[in-house]
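What follows is calculated from the coordinates using simple rules that are stated; it is not laboratory data. Keep in mind the model is a prediction, meaning the values are calculated, not measured. Note: ideal-geometry Cβ built from the backbone for every residue, glycine included; neighbour counts use all protein chains shown.
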Amino acid sequence: MRISVCVGSSCHLKGSYDVIMGFKKLIEEHGVGDKVDLEASFCLGHCAEGVTIKIDDEIITGLTGQNVRKVFEERVLPEV
Ligand code: FES
């Protein structure tokens, strides 16, 4: 599974860094580093609703440092 976190200027201002660090920590915490590729991405075209991420081909918007755990538990963990 690939998680791409938008680091375009709008998402960057809304906290991409916190989202990336949150995913990094959760991936380590759950020991799924061999199953999940985490990467930074250019603008994903949903700037107004950022932070935007893409999990494989699915776009998810509205990520923050606060809800990254919820998204990880609901959208990532069940599939790895
Ligand atoms: S800057 Fe993130 S979707 Fe455009």
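What to note about this one:
- Its Cα centre serving as origin, the chain has a Cβ charge dipole (Lys and Arg +1, Asp and Glu -1) of approximately 240 debye.
- Mean ellipticity per residue at 222 nm, deg cm²/dmol - from DSSP H runs of n ≥ 4 across the chain, formula -39500 (n - 2.57): -8000 deg cm²/dmol
- Taking each residue as 0.36 nm, the span from C43 to E58 lengthens on full extension beyond its C-alpha to C-alpha distance by 3.9 nm.
- Neighbour net charge for D18 - beta-carbon separation under 11 angstrom, K R +1, D E -1: +3
- Between helix 16-29 and the chain there is an angle of about 0 degrees, using the helix long axis and the longest principal axis of the Cα atoms.
- Descending semi-axes in Å of the chain, equivalent ellipsoid built from Cα gyration tensor: 19, 12, 11
- Each peptide in 5-11, 15-21, 43-49, 66-72 was scored by the mean count of other Cβ atoms within 10 Å over its residues; highest first, the order is 5-11, 15-21, 66-72, 43-49.
- Of all aspartates and glutamates in the structure, the ones whose alpha carbon falls short of 20 Å from that of K25, not counting any fewer than 8 places away in one chain, are D34, D37, E39, D56, E73, E74, E79.
- Segment D18-K70, length gained on full extension (0.36 nm per residue, minus Cα span): 17.3 nm
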